[in-house]
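The values are calculated or read from the model by the stated rules, or taken from the named source; none is laboratory data. Just so it is clear, the model here is predicted, and its values are computed rather than measured. Quick reminder, even Gly has a Cβ in these numbers, built from the backbone with ideal geometry, and neighbours come from all protein chains shown. Heavy atoms of the whole protein, side chains included, go into the accessibility calculation; ligands, DNA and RNA do not. Shrake-Rupley method; radii C 1.70, N 1.55, O 1.52, S 1.80 Å.
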Amino acid sequence: MLAVANNFWKIAGERAGRARGEILRRSALAREPRPEGVSGPPLRYLLGELASFRRVPERHEPAKARNPQPVMLLPGFGAHPVRMRPMADALTGAGHSLHDWGLGLNLGPTEQNFTFLMRRVGALARQHKAPVALVGWSLGGLFAREIACRQPNNVSRVITMGTPFSGNPRANNAWRAYQVITGHSVDEPPIECELGGKPPVPTVALWSPRDGVVHPRSACGWPGERDRAVALRCTHLGFACDPQVIAEVLRQLDAED
């Protein structure tokens with residue numbers, strides 16, 4: 001019995017040591033300084049995000065889509081697909097075949113969840129016998145762009161909403177929280193990717209000058225990093241459910257590229 005007890009406390013001590021080490025490592029990630037000359041949106045816009053989080057979105061009956069197609073919605077960092085339900089309902093009402101990403105809460109990329117998404121997009125394309133349109137909010141848009149880069153035959157287009165695909169990955173107000181939760185630096189994601197590399201499919205970037213989380217320039221990008229950029233006046237959280245954003249996504253899905 002004594003040997004069993006000693007072994008138990010030894011294992012418990014080792015686990016506690018690993019946990020302390022991980023806490024210290026993530027604390028160090030949170031304390032990293034922002035590079036000189038790089039900034040996120042002003043504080044007043046970040047505070048404005050709180051009001052948009054509490055706002056109940058209006059619901060409108062959308063016009064029927066001219067080009068009904070399979071569409072996947074990918075939520076932002078720390079968000080669940082339920083947050084995008086107003087957009088999902090509108091796209092379904094317009095006649096699109098809607099699918100969420102199938103991973104629940106978005107807590108950042110891993111090799112496992114990215115492999116799952118690649119397979120899911122491929123399976124949906126085969127099921128519908130048509131490529132899938134990927135609509136990604138914030139971090140979800142980075143997933144969408146990378147999937148399209150790797151399997152363009154399965155993706156019809158990519159629409160990003162407030163996605164920081166351009167410039168310095170610290171040009172936002174969420175990078176420290178991202179590093180603490182995911183356990184890796186924004187400069188060293190667990191999957192190999194080229195943030196500014198345009199996918200070989202039609203790519204549209206929706207961005208807002210009122211975004212309180214991601215710097216507008218990062219979400220807008222430069223010519224060559226996307227095909228079109230559309231400015232909307234909404235908050236970062238509003239990209240998931242703001243009526244003007246939903247209307248623009250519907251327009252872009254119907255656009256002929």
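So here's what we get for this one:
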quantity: Close pairs from segment 124-148: first within 18 Å of Asp227 (Cα to Cα) and modelled with pLDDT of 95 or more, partner outside any helix (DSSP H, G or I) and aromatic (Phe, Trp, Tyr), Cβ under 7 Å, at least 6 apart; calculated: Ser138/Phe77; Gly141/Phe165; Leu142/Phe165; Arg145/Phe165
quantity: Wholly within segment 83-197, strands (runs of 3 or more DSSP E) carrying at least 2 residues that are surrounded by fewer than 20 Cβ atoms within 10 Å (Cβ to Cβ); calculated: 97-100
quantity: Residues satisfying the stated conditions in segment 211-234, i.e. part of a loop (DSSP other than H, G, I, E, B) and open to solvent by less than 30 Å² (accessible area, probe 1.4 Å); calculated: Asp211, Gly212, Val213, Gly221, Leu232, Cys234
quantity: Pair list, Cβ < 8 Å and 6+ apart or interchain, from segment 35-51 residues that are assigned to a helix (DSSP H, G or I) to residues that are modelled with pLDDT of 85 or more and open to solvent by 50 Å² or more (accessible area, probe 1.4 Å); calculated: Tyr45/Arg210; Leu46/Asn173; Gly48/Arg210
quantity: Subset tally (residues that are in contact with a Lys or Arg (Cβ under 7 Å, 6 or more places away or on another chain) and open to solvent by less than 30 Å² (accessible area, probe 1.4 Å)) for segment 198-210; calculated: 6
quantity: Members of segment 167-197 found to be in contact (Cβ under 8 Å) with a residue 40 or more places away in the chain and of a type in the set (D, E, K, R), listed by number; calculated: Arg170, Arg176, Glu194
quantity: Pairs, first without any contact (Cβ under 8 Å) to a residue 40 or more places away in the chain and β-branched (Val, Ile, Thr) in segment 228-252, second open to solvent by 30 Å² or more (accessible area, probe 1.4 Å) and not in a loop (DSSP other than H, G, I, E, B), C-beta under 8 Å, six or more apart; calculated: Val230/Trp207
quantity: Complete set of residues in segment 105-119 that are over 14 Å from Pro189 (Cα atoms) and in contact (Cβ under 8 Å) with a residue 24 or more places away in the chain; calculated: Leu105, Asn106, Leu117, Met118
